[in-house]
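Below you'll find the structure, written out as structure tokens, and then a few comments.
The values are calculated or read from the model by the stated rules, or taken from the named source; none is laboratory data. What you see is a predicted model; the values in this text were computed from it and never measured. Neighbour counts are summed over all protein chains in view; Cβ atoms, including those assigned to glycine, are modelled from backbone coordinates with ideal geometry. Note: accessible area is taken over every heavy atom of the protein model, side chains too, but ligands, DNA and RNA are not part of it. Shrake-Rupley method; radii C 1.70, N 1.55, O 1.52, S 1.80 Å.
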Amino acid sequence: MTAIAPRFGPQLIRLLLVTAVLTVGLLGALAGTASAHAALTGSDPKDGAVVDVAPREVTLTFSEQIAMGDDSIRVLDPSSKRVDVAKMRDLSQGGTVRYAVGLKPGLPDGTYTVAWQAVSADSHPVSGAFTFSVGAPSATTATVPDQEAGGGLVGTLYDTVRYISYAGFILLVGGAAFVLACWQRGASVRPLQRLVVGGWVTLTAATLVLLLLRTPYTGSGKLGDMFDLGGLSDVLDTKTGAALVSRLLLLGAAALFIAVLFGAYAKRVTEAEAEVEAEVEAEAEAEMDGEGNAEAGKAKADLAFGLSLGGTVVAAGIAGTWALSEHASTGIQTGLAMPLDVLHLLAVAAWLGGLVSLLVALYRVPDIERAAVRRFSRIAFISVVVLAVTGVYQSWRQVGSWDAWTGTSYGQLLLVKIGLIAVLLGAAWFSRRWTGLLGEDAKTAETAEAGADAEAGVEAGVKVGVKAGVDVAEETAEEDVAEAGTAADPERAAQLARQRTALATARKKRDRDADTERSGLRRSVLIEACVALVVLAVTTALTGTEPGRTQEKEVSRTGTEAAAPAPARPVNLTEPFDTGGTKGKGTLRLTIDPARSGTNLMHVWIDGPDGKPMDVPEVKVAYTLKSQQIGPLPVVPERLAAGHWSAGNVQIPMPGDWHLQVTVRTSDIDQTTIEKNVKIG
């Protein structure tokens, strides 16, 4: 077996540094923008409304199921004092998600601010605010947090720890799978033991930190609140809190698995190898040793089967804690999406975790067998197939439309991930090629060695016969002198030991430099591992990004994401039309002011071909937010004058890209519909 010593060239070191910088930069950029998954679709009173009498309560309607606490809705008067009373009430019914909070009686006139915060069904925090007025609008000093829920330092820290937890899971599961399925002797190899144990420690520590960070992440945004026992108690009652606690319990079972893998199992593998070597050296006792080896082999196989079965169950359980609390648990087809998400995570761990394990073995272990590399190559291929199948389904489920691939942050991140995986597969192709050359090299070496022995047998026998006596005598004399010298001089013994170590190291380096196939394999695997780091960062961002099915052409964020409102500015639309009848041609002019969520003023003008006002029997307007499946919401403007219609209380429930339809009828049978997308901030 060719010896392998660790060696990092300057190019590889630069590659690692660049990869680390890109990964940290990507995480920082994605963590810097935060918005929502659930959205406020309506309220009573409405945003910007002016009511004559103070309402008894404020109700809020959301686009999807959320979790709210008693203090999640706050109503502030113009002096920033709270005027909400009693506990929040859940008025949800059927598919409508609605909450209400009571107000103090006899509220004076003025402008009131409603601030709310909640946790989406996929575990991410959301927040917002709006105003309404009693009697007439007034100046207000009410302030709400300028930082969205899940943002700031706490949001960045939370997203970073989520990345670390995924990395720990991959090292733990992938490293253990590599040992059991590819290289059983690796159970007794210290670098691989450190890798798997390090993955367990990383995942356990990250899970504990995530559990503590949930309170400030979904609430106050203050890092000091992570040690609030009351907040921690509330977190444990949520779906995400239960998932994190379950993960900790499963990690306890994983600790037992690791102890057996690197304890009893490693001992069995070592004993079995020792017995096989003894059998080869003593063929005369083959019958007795064969019976002993059979028993030892059966015991090792039984233990390996038990570890494989138990480890798979534990790994699937840990993966399930993500599937039960993130994107797979919301949206459509959750019953199919969650088990496929578990399978997806296991395939990622087997591929990327095994890749890191192979990299460690190639650089730190001098005698990893070629067969182990070939076994991992087959497992990696199967993992890629599983990833492709589950990834295509999840992409269809989360993206939802072709436009969402480029028009939403989720689709854009997914395209980046696909590109990186293509690069990863390219590097994997080179790794498989080097692996194939390793196999060919082994066969060629065996054939050449057999041929050389046959052809040079006589000559070698003569030379060895002549030289053997001299060599044996010289070696015996040298050993006698060395033993005599070292017995009397311990320093001399230490010096000889250092010399032997230096000679062995030099021999290993010489063998390694002469093995171009293994050197190429090490480099290609290192490139795979570097690209995998960035893939993992993008995957972490995807798990915290609003799926494209629920948001189109909106601005992205990491952690969680929702529509980023555009600047509030009037919509001005001018479109020609032709109903096909007599005097059916003209020009439509439409304005929406201020074009933001809440109350808006709409004007519609109809001009004839000569540019003068054109009176028509009917004008109708409807608007739809397709990304949230809201609408069509009809508007019937009132005729103010010839060719001029207006609607003064157009309620737009939320910002986004709204699809506007304006129907113009010029006779009893002639009409046309003008369709246009407009941005509402």
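Among the residues of the range 570-589, those identified as under 48 Å from the mean Cα position of the chain (by Cα) and among the hydrophobic types (A, V, I, L, M, F, W, C) are 571, 573, 588.
Scanning the range 55-85 for residues that are among the hydroxyl-bearing types (Ser, Thr, Tyr) and touching a helix residue (DSSP H, G or I) at 6+ places or on another chain (Cβ under 9 Å) turns up just one, 63.
Per this entry, residue 54 is counted among residues that are part of a loop (DSSP other than H, G, I, E, B), among the aliphatic types (A, V, I, L, M), open to solvent by 20 Å² or more (accessible area, probe 1.4 Å) and out of contact with any Ser or Thr (no Cβ under 6 Å at 6 or more places or on another chain).
Residues that are without any contact (Cβ under 8 Å) to a residue 40 or more places away in the chain and of a type in the set (A, V, I, L, M, F, W, C) were ranked within the range 243-268; the one that is farthest from residue 67 (Cα to Cα) is 264. Number of residues in the range 362-399 that are over 24 Å from the mean Cα position of the chain (by Cα) and of a type in the set (A, V, I, L, M): the value is 6.
Identify, please: which residue in the range 42-64 is touching a Phe, Trp or Tyr at 6+ places or on another chain (Cβ under 6 Å) and either among the basic types (Lys, Arg) or under 15 Å from residue 649 (Cβ atoms) (or both) and is, among those, modelled with the lowest pLDDT?
Per the stated criteria, the residue is 47.
Taking the range 611-681 as the region of interest, the strands (runs of 3 or more DSSP E) fully inside it that hold 1 or more residues being over 23 Å from residue 49 (Cα atoms) are 618-625, 638-641, 644-652, 656-665, 671-680.
Every listed requirement among (1) closer than 18 Å to residue 576 by Cα; (2) open to solvent by 40 Å² or more (accessible area, probe 1.4 Å) is met by residue 667 save one, (2). Checked against (1) within 15 Å of residue 570 (Cβ to Cβ); (2) assigned to a strand (DSSP E or B), residue 595 meets all criteria but (2). With respect to (1) modelled with pLDDT of 85 or more; (2) closer than 30 Å to residue 55 by Cβ; (3) among the hydroxyl-bearing types (Ser, Thr, Tyr), the lone exception for residue 140 is condition (1).
For the range 594-615, the set of residues classified as open to solvent by 80 Å² or more (accessible area, probe 1.4 Å) and within 20 Å of residue 658 (Cα to Cα) consists of 596 only. Note on the range 221-323: enclosed helices (runs of 4 or more DSSP H) holding 1 or more residues that are at pLDDT below 90, of a type in the set (Asp, Glu) and surrounded by 14 or more Cβ atoms within 10 Å (Cβ to Cβ) are 229-236, 266-281, 286-323.
Is it true that some residue in the range 616-630 is without any contact (Cβ under 8 Å) to a residue 40 or more places away in the chain, open to solvent by 30 Å² or more (accessible area, probe 1.4 Å) and farther than 16 Å from residue 63 by Cα? Among the residues of the range 616-630, not one is without any contact (Cβ under 8 Å) to a residue 40 or more places away in the chain, open to solvent by 30 Å² or more (accessible area, probe 1.4 Å) and farther than 16 Å from residue 63 by Cα, which makes the answer no.
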